[in-house]
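Data first, discussion second: the structure below is written as structure tokens.
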Amino acid sequence: MTEIVQQWELINPEGAIVLPPREKIEIKSRRPATLEGKTVALLWNAKSNGDFFLSRVGELLAEQVKDVKVIKLWEVDPATKQYGPGAFPAEIVKKVKNLKPAIVIGSQGD
Amino acid sequence: MNQSKLEKEGIPTLTIATTAFTELARASMAGTGVPDMSFVVVEHPMGGISKEQIRAKADAAFPEILKMALEWRPQGAEVPPSNPAYPAERFKFAGTIEDVNKLTFEKGWSLGLPIVPPTPERVKAMLKGTSRSPHEVLWVVPPRNGALTVELLAVHAAMAGCKPEYMPLLITIMNAFREESYDWIGTATTTGSEAPMVMVNGPILKELGIAYDSGCLAGGNHANVSMGYTINLIGAVVGGSVASTHIDRSVLGSRANIIAYFFGENEDANPWEPYHVEKGFKPTDNVITVMSGDFIPLQELHCRTGTEVLTTLSSYLGGGARCFGGGAFVGPGSSKSYFLVLSPERAAILAKDGWTKNAIRKYIVEHAKTQYGATTPKWCAIPKDFGPVTPETLVPVFGKPEEIQIVVAGGPGTHSAYVRGGHGSIVTKLIKK
């Protein structure tokens, strides 16, 4: 059976992409010039082995960067060990901010 | 993504992502309003390998981590202007119906099943099912952040073969999915096999012919199947969560990622009050309840008393939660939502023996247990007052009776099911026509 070729008018089902307004973080979030004498916070999201990976990064920082202070956030406050919609509420962000880290190194995924 | 919240507070971050999760991490970032973040990509996997392998992976990545920590600068690229959300783009195409389906599949506009071509006429007819304005944005569907207007919902409903009278129900479902507590992005991108579940209560069940009795999760019912298909079309096409683009990272996925779990409560066979009445709605209200989860069959054939039923089900439930890492004491990021979907016959036995829903919940909390050694220790945070544990210590799977939702669905027979919640929470909403 030969199917009929038709002229179709169709609607694209993708929908326009609506991204939230981009925040101007370029200036606020400038990188430190050095980590010497600075605080580096390590952020684990509870996924398997992320803590071991980050701990090793912490060891290497301590070995190779003079006077760096490494903080494992999950040991300081287990509530930082979260992912999902309710994770990392404002009070947790504030706690991390109060530690004055030069950078936070986090692990993502499995 | 937690790091984006820190970036917004002016705290520089660096994210370690594995090769399998880089696209998802970047898509998640884009949806938070952060223009750019630094990533160091390491070979997948991170989990399930030895400490020595993890150490070697960290050692190999460390020079890049150090370099990126100091030298990375945000690109801050401008977002290309997007087309308006309404009206959706129209285009001409010449071909057979088969060609239309080939086109939609190749463009990522279908899930492999045939679709009904979304012509303006069909969409206009679908929009007659609602008084809502077609330009209204119902939901910006993550992680792609596609704008789901009422018109676009009608497009997908038409593609899935829905009837116009389904529109109010579909609009309510979209309103439920967009709730932050549902965590659509978590359920749509997880490595797990969880899928959207919709349960319907109220007179609308019979008005629309929604299946709630024998085989209510199977095929053969137009309302359940077409609305279940609509949900996942929207998630994939508007939300962009598909495996082929490495955004949906489900290891196996589920057939319910094609046709979502969609069923009605069998209120006629429910010896207790229906679920929506238990939650404070009137019996005459039409209500939907959504959750992300996996249906796990609870097969039993020979129980004669309520206690026998619950003993058997508790044994199943103790095992069923093991792989999820500890149940009652499970850690953050994990759902504590569960549905026990009782077959009418099992509900009748329990009710005849005097079991109330609350008594059933309490029994299950006390009896559904698993060995501590079978849990994921880092996620199974034993309370201090629990006492010492060994790998053989039995720990409860459920923390509180109220975590267990009890509903009745299906037809004659003994088999029940357990829906293990994945990401997010249960959301219940009144359907407004």
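The values are calculated or read from the model by the stated rules, or taken from the named source; none is laboratory data. Remember, predicted model here, so these are calculated numbers, not experimental data. No Cβ is skipped: glycine too gets one built from the backbone with ideal geometry, and neighbour counts run over all protein chains shown. Ligands, DNA and RNA are excluded from the accessible area calculation, which covers all protein heavy atoms including side chains. Shrake-Rupley method; radii C 1.70, N 1.55, O 1.52, S 1.80 Å.
Some points to look at:
- Dipole magnitude for chain B: about 240 debye, using +1 per Lys or Arg Cβ and -1 per Asp or Glu Cβ, origin at the Cα centre.
- Given charges at beta-carbon only (K, R positive; D, E negative), |dipole| of the protein assembly as shown in Debye: 1080
- Per residue of B:90-96, other chain Cβ atoms within 10 Å of the residue Cβ number 5 on average.
- Mean accessible surface per residue for chain B, computed with a 1.4 Å probe while every protein chain stays in place, in Å²: 41
- Per-residue 3J(HN,Hα) values for the stretch A:59-70, derived from phi via the Karplus relation 6.51 cos²θ - 1.76 cosθ + 1.60 with θ = phi - 60°, read 4, 5, 4, 4, 6, 10, 10, 5, 6, 6, 10, 9 Hz in sequence order (x marks Gly and Pro).
- Dipole-positive endmost among B:390, A:55, A:108 within the protein assembly as shown (Cβ charges, Cα centre): A:55
- Once backbone amide H atoms are built at 1.01 Å from N, residue B:162 has no partners under 5 Å, excluding neighbours fewer than 5 places away on the same chain.
- The phi-based Karplus calculation (6.51 cos²θ - 1.76 cosθ + 1.60; θ = phi - 60°) puts the 3J(HN,Hα) values of the stretch A:6-19 at 10, 8, 9, 10, 10, 10, 5, x, 5, x, 5, 7, 10, 8 Hz, whole numbers, x for Gly and Pro.
- Backbone HN-Hα couplings from phi across the stretch B:151-156 [Karplus 6.51/-1.76/1.60, Hz, Gly and Pro as x]: 4, 5, 4, 5, 4, 5
- Residue B:352 versus residue B:244: modelled label distance in nm, points set 7 Å from Cα along the beta carbon direction: 5.2
- Between residue B:97 and residue B:131, the C-beta separation translates, for a Förster distance of 41 Å, into a calculated FRET efficiency of about 0.80.
- Residue-averaged 222 nm ellipticity for chain B, from DSSP H runs of 4+ at -39500 (n - 2.57), nearest 500: -9500 deg cm²/dmol
- Coarse-grained scattering of the stretch B:135-178 at q = 0.23, 0.32 Å⁻¹, given as base-10 log I(q)/I(0) from a Debye sum over alpha-carbon atoms: -0.77, -1.23
- 5 angstrom amide H check on residue B:138, placed H, neighbours 5+ away: B:148, B:149, B:150
- Accessible area, probe 1.4 Å, largest first, for residues B:163, B:206, B:429: B:206, B:163, B:429
- Distances between placed amide hydrogens fall under 5 Å for residue B:406 paired with B:340, all partners being 5 or more residues away or on another chain.
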